[in-house]
Amino acid sequence: MKILREIIDKVKGPFQKGEKFEKFAPAVNAFDTFLFVPNHTTKYGSHIRDAVDLKRTMVTVILALLPALIYGIYNTGYQYYYQTGEEFTFLDAFIHGSLKIIPMIIVSYVVGLTIEFGFAVYRGHEVNEGYLVTGLLIPMIMPVDIPLWMVGLSVAFAVFIAKEAFGGTGMNILNPALTARAFAFFAYPTYMSGNKVWVSEANNIDSISGETILGSLAAGQQVNFSTSEMFFGSIPGSIAETSTLWVLAGGLVLILTGVGSWRIILGGFIGASIAGILFNLWGLNELMSFSWINHLFVGGLAFGIIFMATDPVSAAQTVKGKWIYGILVGIFCILIRVFNPAYPEGVMLAILLMNVFAPTIDHYVVEKNINRRKKRWTLNQIKTA
Amino acid sequence: MQLAENKIRVRKGFNINLDGEADRILVDLPESKTYGISPDSFFNLIPKMLVKENAKVKKGSPLFFSKNNPRITFTSPVSGSVTAILRGEKRKIIEVIITSDNKNESETFDTKDYVKLDEKNIKELLLKSGSWPFIRQRPYNTIASPEDNPKSIFVSSFSTLPLSFDYNFCLKDNQDEFQLGVNVLKKLTLGKIFLAIDNTSKGFFDKIENVEKIYVEGPHPAGNSSVHIHNVDPINYGEKIWTVNPEDVVNIGIFFKTGIFSCKRTLAVVGSSVEKPKYYNSSIGTSVKNLIDFSKINYKNSRLVSGDILSGKQVGPDNYIDFYSNTFCAIPEGDKHRFFGWIPFVDNFIPSMHKTSLSWIKSNKKKYKVDTNLNGEERAMVVTGEMEKVFPLDIFPMQLIKACLNQDIERMEALGIYEIIPEDFGLIDYGSTSKIEAQKIIKEGIKLMLKEVG
């Protein structure tokens, strides 16, 4: 390790303070701190610090995403071979999926990180690790056949408009990954909805029908999938959201490590269940009478609630606020599905909507605390007067 | 959370178990050759000198006073001569150094009939002898103003800090003086004196009279006065509460018993760079060098801290122990790189309050050796909820920090800046994922409040 360290220190020479390429230091530091936790010591405040840092936190989220991603890659191949009727092995399916999905991930990271590095150099701060998660999330929630340039454009839009325009990491109002998807959804609807996009090659091979469950329901068609298929995830959909099982496994990682807020996750499922049960009782159309349990398993609801709604920057930040935010995400998701079948992406729109309202929720929670304090002050004045 | 009468059970918090806790052994530290008082030990103090270099002083002779309140004087901890007045930028006084003449001469004050003395006379004696700075006020943790009448006085008899100080052990022979100090302080308030006691080991503090006892249990910061005040007698706009360290209550007691300024300071010398951590009987202003030589601290490439590890002041061998410090820590510097140290669940030898490390599994028993590595780099504030987990007050810590960063005085006030001091944010500093300097931000915020609101 010592030799490697010496090489890095040598390379970093011209990027030191006062040297020729000082401005580009953040870009080099990003690679250095990827290999080594820096030798910085405490200067102010507490003399000792916790082992945690933002890298560790973000990488934990990536670990939590991996089960869903791997299943997503397999399912892409599975859906393709299943519908074409060819014989296939697990490996065939996995390779088919990999060829589709890995390029998307590469495009997402290259485009996003380039912009992030650029802004870090421009603003003179270190590169924040947030994009490591966003960059993986974006391909995971796209339809499999979306052209790579659309992925790149959506990424650029999300990083520029949703994140950097607001001041960068920690300042954004909307979840950047969902903003990327929303951008693609509204800019290129033909690639993002309908019955020809959700299974690999559905556009090119006639025998493949790529309708999602929510799409079929909205069209008033019969759903041919069982609840267990919905739960385990062998259904068409966006790349990595289909398997509630593996998404839940990731959720478990987030909850056990404390990285994701269990309050938001539980709140989201409670909200969606309540809304689902109420609509079941009402039961006017196919979507309303679709069992509330199935509602939890389809349309990426679990994926959205566990990985997107828990984004700490765009979610509510207070403990009470997180409960309210989570429950409302769940309720709005089902509401949008049922009342606006043109948008089966209920969960995406519900989270983006609640992202906008999260600061308001927090405002009222904090305001309550302030009022309690001010009330104590006035009571005290009356007492002493 | 407040239980039945005067019992507080703190639930939010975290204990950091560190290697190098002091053994229960109390040793006399040899007299230091030089003593130093740094005006920086007193928050927001602007000193005005009363003596020149080479002036002869006795123990209890005034050295300087506070520009904002000339009645508050600071006196010499030893008899000798003023050998240096070190100044920094803009002639700011950094340290006043007194060389001891080993004669032990002291100014004497007539304190015999303290029982009969009224509030005014007691205050006068405390001010003249230099004992007044022992009393600090909330809000802001500045030295109390002698013109005020506090609504109550809080003494916390225990510390929950890492490598904490055991007052019960160090002051066990000073029970009478403690009681006397309490009796004197009682005359300065119309309200009560609250004595916070560790519910798990009560010790002699449980026998003290003339106080209202609060029994506290739970993890750090359960020993912080802010927690006790917040639960028992919360501070409102315009109100003043005073706090005194237990050893300084004893100092006040000794002063009224003997008539001589008492500046006794027991120091717990702790940390993994200390060969045999134990307690030392010493005096305010002892030189760090004296301590290093006698207690055998491996100070090369070590961080020396006067005060506790979470909020103490970094010192060098040429400096002097801080006025209020009861602990002196020495831990290794952490200027080393760690290969792939950010991978979750690796490097579990570093204590962590987060579950992205496995160190929590053993954290109850294992004593961790720590260094001063930042374990990461400063980043934007991203993670939420981690501050609230270790902040047992009904205050939103992150929102308050943000209000301080924005210099929004109205919001700082509304969010409870009067109820906290920077030290309460020690654990937040420690556990911050984004490595923010919470204590520094809060300190700047309080400075702004002092300037704009007063």
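Residues in the range B:332-351 that are part of a strand (DSSP E or B) and either touching a Phe, Trp or Tyr at 6+ places or on another chain (Cβ under 7 Å) or within 7 Å of another protein chain (Cβ to nearest Cβ) (or both) were compared, and the one that is nearest to B:Glu386 (Cα to Cα) is B:Arg338. In the range B:385-410, the residues that are on the phi > 0 side of the Ramachandran plot form Cβ pairs under 7 Å with partners that are not in a helix (DSSP H, G or I), at six or more places apart or across chains, as follows: B:Gly385/A:Ser261.
Right, A:Ile382: within 13 Å of chain B (Cβ to nearest Cβ), over 23 Å from the mean Cα position of the chain (by Cα) and modelled with pLDDT under 90 or not? Lay out the reasoning, then the answer.
Details: within 13 Å of chain B (Cβ to nearest Cβ): yes; over 23 Å from the mean Cα position of the chain (by Cα): yes; modelled with pLDDT under 90: yes.
For A:Ile382, the condition - within 13 Å of chain B (Cβ to nearest Cβ), over 23 Å from the mean Cα position of the chain (by Cα) and modelled with pLDDT under 90 - is met.
Within the range A:301-327, being surrounded by fewer than 24 Cβ atoms within 10 Å (Cβ to Cβ) and among the basic types (Lys, Arg) holds for one residue alone: A:Lys320.
Of the residues making up the range B:352-371, those that are part of a loop (DSSP other than H, G, I, E, B) and either hydrophobic (A, V, I, L, M, F, W, C) or facing chain A (nearest Cβ under 7 Å) (or both) number 7.
Taken together, the residues in the range A:1-29 that are among the hydrophobic types (A, V, I, L, M, F, W, C), surrounded by 13 or more Cβ atoms within 10 Å (Cβ to Cβ) and within 13 Å of another protein chain (Cβ to nearest Cβ) amount to 2.
Just to check your reading of the model, which residue among B:Glu247, B:Glu239 is in contact (Cβ under 8 Å) with a residue 40 or more places away in the chain and either in the same structural domain as B:Ser61 (by TED's automatic domain parsing) or farther than 30 Å from B:Asp113 by Cα (or both)? Spell out how you get there, then give the answer.
On the way: B:Glu247 fails: either in the same structural domain as B:Ser61 (by TED's automatic domain parsing) or farther than 30 Å from B:Asp113 by Cα (or both).
After ruling out the rest, the residue left standing is B:Glu239.
Listed by position, the helices (runs of 4 or more DSSP H) contained in the range B:153-236 that have at least 1 residues being aromatic (Phe, Trp, Tyr) are B:167-170, B:175-186. For the range A:118-151, the tally of residues that are surrounded by fewer than 18 Cβ atoms within 10 Å (Cβ to Cβ) and either more than 14 Å from chain B (Cβ to nearest Cβ) or among the aromatic types (Phe, Trp, Tyr) (or both) stands at 6. So, in the range B:398-411, of the ones that are within 11 Å of chain A (Cβ to nearest Cβ) and surrounded by 19 or more Cβ atoms within 10 Å (Cβ to Cβ), which residue ends up farthest from B:Pro221 (Cα to Cα)? Selected residue: B:Ala403.
Do you know which residues across the range B:94-139 are part of a loop (DSSP other than H, G, I, E, B), touching a Leu at 6+ places or on another chain (Cβ under 7 Å) and under 26 Å from B:Lys52 (Cβ atoms)? Correct list: B:Phe109 only. Restricting the range B:384-397 to residues that are closer than 19 Å to B:Ile235 by Cα and in contact with a Pro (Cβ under 8 Å, 6 or more places away or on another chain) leaves a set whose member that is farthest from the other protein chains (Cβ to nearest Cβ) is B:Pro392. Within the range B:280-297, being in contact with a helix residue (DSSP H, G or I) (Cβ under 9 Å, 6 or more places away or on another chain) and modelled with pLDDT under 90 holds for one residue alone: B:Ile297.
Do we have any residue at all in the range A:30-48 that's away from chain B (no Cβ under 12 Å), buried (at least 17 other Cβ atoms within 10 Å of the Cβ), touching a residue at least 12 places away in the same chain (Cβ under 8 Å) and part of a helix (DSSP H, G or I)? Within the range A:30-48 (the criterion being away from chain B (no Cβ under 12 Å), buried (at least 17 other Cβ atoms within 10 Å of the Cβ), touching a residue at least 12 places away in the same chain (Cβ under 8 Å) and part of a helix (DSSP H, G or I)), the answer is no, since none of the residues qualifies. The criterion of at least 2 residues that are closer than 14 Å to B:Val96 by Cα is met, among strands (runs of 3 or more DSSP E) falling completely within the range B:1-74, by B:34-37, B:47-49, B:62-66.
Looking at A:Phe225, A:Phe185, which is the one that is in a loop (DSSP other than H, G, I, E, B), over 15 Å from the mean Cα position of the chain (by Cα) and not polar (S, T, N, Q)? Checking each option against the conditions leaves just A:Phe225.
The values are calculated or read from the model by the stated rules, or taken from the named source; none is laboratory data. Predicted model, so just to flag it, every value in this text is computed and none were measured. Backbone-built Cβ (ideal geometry, glycine too); neighbour counts: all protein chains shown.
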